[in-house]
Every structure is written in structure tokens, then in C-alpha cells.
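Beneath this line is the structure, given in C-alpha cells, with notes to follow.
We did not get these values from a lab; they are worked out from the coordinates using the rules stated. This structure is a prediction, so every number in the text was calculated from the model and none was measured. Neighbour counts run over all protein chains shown; Cβ positions are idealised from the backbone, glycine included.
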Amino acid sequence: MSRNMTVWRLSFAVILLGLLWPMAPESSAGSLDQLTDLTGKASVIVTLKGRDNFTSEYRYDVSVRNHTSDLLIADSLVIVLDKITNLAGEDREGLTGESFLTRFDILGQDGETDDGKPFFRIPVGPTPDLASLTDSLPATVRLRNKDYLAVFTPSFKVLGQKRPPPPEPKQTQAAPVPSGTTPATPSRNSVDKLIQLLIKKGVMTEEEWRKANQP
């Protein structure tokens, strides 16, 4: 086999592989560095769903509500357990300055931020975007109170991305027709050729054409 033929076949195989290789759908769920802090523009709705007194475990449903006029990309939304406060609103021990977060086991988290805070991804609903003044599906957050802190409140931040606005459609203007001219009409010869082609392909018959042209 000649060298040129080998190169040609390899090039053809590469092109074919590129055309057939399945493309993964684009997703906004990625590194937290690509997300914007939406706290204040989007709020969290925290609902206590269950409590196990034996293990001191608390289960919450946490949803995100969009307070902006923009669309939020659903699969980009993340809630970060920012702090846990006591009844006085403090989030640290008075003597040691230790965060109350260290006194809890966080169960089922999707990861941690660079500063070690647990985060959870918001489930994607039936639409790809979270519209204005609507709520997302809830993420399940489970906290185990290791030291049996009497009263505590979890506090969350919201991270995500806004949907970029669609590009404005370009307005096209029809080319002006010079005055004194009329649009060209197809010649009789071109019409006859078109009819003969339609008859040849079986789209219509000669009888149908004659009937259509009868006055």
C-alpha cells in the first residue's frame, strides 16, 4: 500500500471519528470559582423535615428563591452552609473562638469550599432556569449535633450564575427595487421545463396539468 493511500485513510478515519464521537451536553455545574455570590439576590427557604432525638440528627429541606428579574441557571445553583448560630446569634464559642460548625457532623454534602465550608447542589427542576420569584427544588441537608447544642440555626449562602440575555436579532432590510422596474416573471420556457420535470418525477400527470390550465 502506498504512503499517500495510508495517510488518506488515516485522515478519513480521524474526520469520521470526530463526526461520530458523542458530544457531552454543556453544563454550568462545575468549579465554584466560576459561580457568583447571589446572596441577597436569591434567598434560601429552610424547612425542618425531621429530627432524631437518639442521634441528635436534624434533616432540612433547603430551597432557593430567585428575587431578581433575571433567569438563574438551574444546574449552577449551590448552597453553602456558611455558619451555625446559637440563640444569641453568635456563630463562635465565646472563650475559644471556635466555629460552631466544628461541633456538627454534616451528612450528604457535595463538597467543601476553599475555606472548608460544606456545600450542596440544588436539584434541577423541570426547566433549565429558575425564573424570577420562583422556588427551586429542595436540597436535603442533614446535621448531626455532636455536642447537643441546645438551640441552633443553620445559615446558608447562595452561589450560581445568571442566564445571559439572548442576542438581539439582526434587522435586515430588503434591497430597494429601482423605480420604473417590475419584478421579473419566469419565462414560459422555464415554466414548461418545470412542469415536464414534475411529470417525469410522478408528482403530477399530464391530464392534471391540462385540467389545471383549462379556463
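Descriptive notes on the structure:
- Seen from Ser69, the other residues with C-beta closer than 15 Å to its C-beta sum to a net charge of +2, counting Lys and Arg as +1 and Asp and Glu as -1.
- Cα gyration tensor category, rounded, prolate or oblate, for the range 32-160 with a/c compared to 1.5: prolate
- Proximal lysines to Lys83, defined as alpha-carbon separation beneath 30 angstrom and excluding residues fewer than eight positions away on the same chain: Lys41, Lys49, Lys117, Lys146, Lys157, Lys162
- For the range 32-160, the relative contact order comes to 40 percent (Cα pairs under 8 Å, sequence separation of at least 6).
- For Leu38, nonlocal amide neighbours, meaning residues 5 or more places apart or on other chains whose placed amide H falls under 5 Å from its own, are Val158, Leu159, Gly160.
- Paramagnetic label reach from Thr127 (point 7 Å along Cα→Cβ; backbone nitrogen cut-off under 19 Å): within the range 54-75, residues 63-75.
- Extended-chain gain in nm, criterion 0.36 nm per residue less alpha-carbon gap, Lys41 and Glu90: 15.2 nm
- Under the simplified labelling scheme, the Ser56-Asp105 pair shows an inter-label distance of 1.2 nm, with each label point 7 Å from Cα along Cα→Cβ.
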